[in-house]
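The values are calculated or read from the model by the stated rules, or taken from the named source; none is laboratory data. The shown structure was predicted, so the numbers you read here are calculated from the model rather than taken from an experiment. When we count neighbours, we look across all protein chains shown, and the Cβ atoms used for this are built from the backbone with ideal geometry, even at glycine. Remember, those area values only see protein heavy atoms, side chains included, never the ligands or the DNA or RNA. Shrake-Rupley method; radii C 1.70, N 1.55, O 1.52, S 1.80 Å.
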There are 2 protein chains.
Amino acid sequence: MPNRPVEFDRVFHALADPSRRSMLERLVRGPASVSQLAEPLAMSLAAVVQHLGVLEDAGVVASEKVGRVRTCRLESAGLRRAEDWLVAQRTEWEGRLDRLGHVLASPDDDG
Amino acid sequence: MPNRPVEFDRVFHALADPSRRSMLERLVRGPASVSQLAEPLAMSLAAVVQHLGVLEDAGVVASEKVGRVRTCRLESAGLRRAEDWLVAQRTEWEGRLDRLGHVLASPDDDG
């Protein structure tokens, strides 16, 4: 896996907040305006814009302003890389458990 | 998925640091003492213990002290839940893309 420490830091940091996860859970269903993102959240529009900045810095959301409306959309590759890192750890861990299982299943096998 | 906002906050926060990810990448290969975890990291043992505390608070690592040696091991369920959240988002996102693809492939279909 390529070494992208700062990118991983930003993505996982972006995910470490319930409001930002809510915004992502909305955006996986399709693009949304900032007002639409703010609607279910009990916070000011300014706070939403600040969270949006964190998501954009992490590269998991992109936005475009047309006229007076800023529309946000998911950048799925960032989340995919975070998932890939977790899958890589689980694969290593499960492989180790499998090997331990084999050792325990054949205690007399020297081969 | 059950609503565990604080738990998700802690797990993703724990992952948002390259030293803590390194420690986890070590622990998926098997238990390790604090000194073993510290060895590849360019930081004081005190700093490693602090990072370990964050990993333990997040429930992704457990440790046990026997005599003078504290041994750390992965608690894989915490990482699995983070992975599950990411998979759920990707599934929703890919489902949406599939539906969009179908709409674009049959523009004259009113049914």
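Rounded to whole Hz and in sequence order, give me ³J(HN,Hα) for region A:43-52 from the Karplus expression 6.51 cos²θ - 1.76 cosθ + 1.60, θ = phi - 60°, writing x for Gly and Pro.
7, 5, 4, 4, 5, 4, 4, 5, 4, 4
Tell me, what is the Rg over Rh of chain A, with Rh the Kirkwood radius over Cα pairs?
Numbers: Rg = 20.3 Å, Rh = 16.3 Å.
Result for chain A is an Rg/Rh of 1.24.
Based on the alpha-carbon gyration tensor of region A:56-111, what equivalent-ellipsoid semi-axes (square roots of 5 times the eigenvalues) come out, in whole Å, largest first?
In descending order, the three semi-axes are 49, 6, 5 Å.
Could you state how much accessible area residue A:44 has, in square angstrom rounded to the nearest 10, with a 1.4 Å probe and all protein chains kept in place?
Accessible area of residue A:44: about 70 Å².
Say each of residue B:88 and residue B:42 gets a label point 7 Å from the Cα, pointing the same way as Cα to Cβ; how far apart are those two points in nm?
Result: 4.0 nm between the two label points.
Sticking with the crude label model, points 7 Å out along Cα→Cβ, report the distance from residue B:98 to residue A:49 in nm, one decimal please.
Reported label-point gap for residue B:98 and residue A:49 is 3.9 nm.
I'd like the distance separating the alpha-carbon centroids of region B:92-106 and region A:89-108, in whole Å.
Value for the Cα centre distance between the two parts: 40 Å.
So how tilted is helix B:76-105 from the main axis of chain B? Cα-based, degrees 0 to 90, rounded to 10.
20
If you bin every alpha carbon distance in region B:1-63 into 5 Å steps from zero, what whole percent lands in each bin?
The percentages, shortest bin first, are 4, 19, 30, 24, 13, 7, 3, 2.
Given points 7 Å out from each Cα along the Cα-Cβ axis, report the residue B:22 to residue B:57 separation in nanometres with one decimal.
2.1
Can you list the HN-Hα couplings for region B:56-61, worked out from phi with the Karplus curve (6.51, -1.76, 1.60; θ = phi - 60°), rounded to whole Hz and with x for Gly and Pro?
Result, ordered by residue: 6, 4, 7, x, 9, 9 Hz.
In the full protein assembly as shown, how much of residue A:71 is accessible to a 1.4 Å probe, in Å² to the nearest 10?
60
Taking each residue in A:5-16, count the Cβ atoms of any other chain within 10 Å of its Cβ, then average. What number comes out?
5
Among A:84, A:17, A:98, determine the one that fluctuates most according to a GNM of chain A built with springs between C-alpha atoms less than 10 Å apart.
Of A:84, A:17, A:98, the Gaussian network model singles out A:98 as fluctuating most.
In Å and whole numbers, how far do the C-alpha atoms of the protein assembly as shown stretch along each principal axis, longest first?
68, 41, 32
Run through region B:1-46 and list the trypsin sites (Lys or Arg not before Pro) located in a DSSP loop whose Cβ has at most 15 other Cβ atoms within 10 Å.
Passing both the DSSP loop test and the Cβ count: B:29.
Among B:41, B:59, B:24, whose Cα projects farthest towards the positive end of the dipole of region B:9-111, with charges put on the beta-carbon of Lys, Arg (+1) and Asp, Glu (-1)?
So the residue furthest toward the plus end is B:41.
What's the angle, to the nearest 10 degrees (0 to 90), between helix B:5-15's Cα axis and the longest principal axis of chain B?
It is inclined by approximately 70 degrees.
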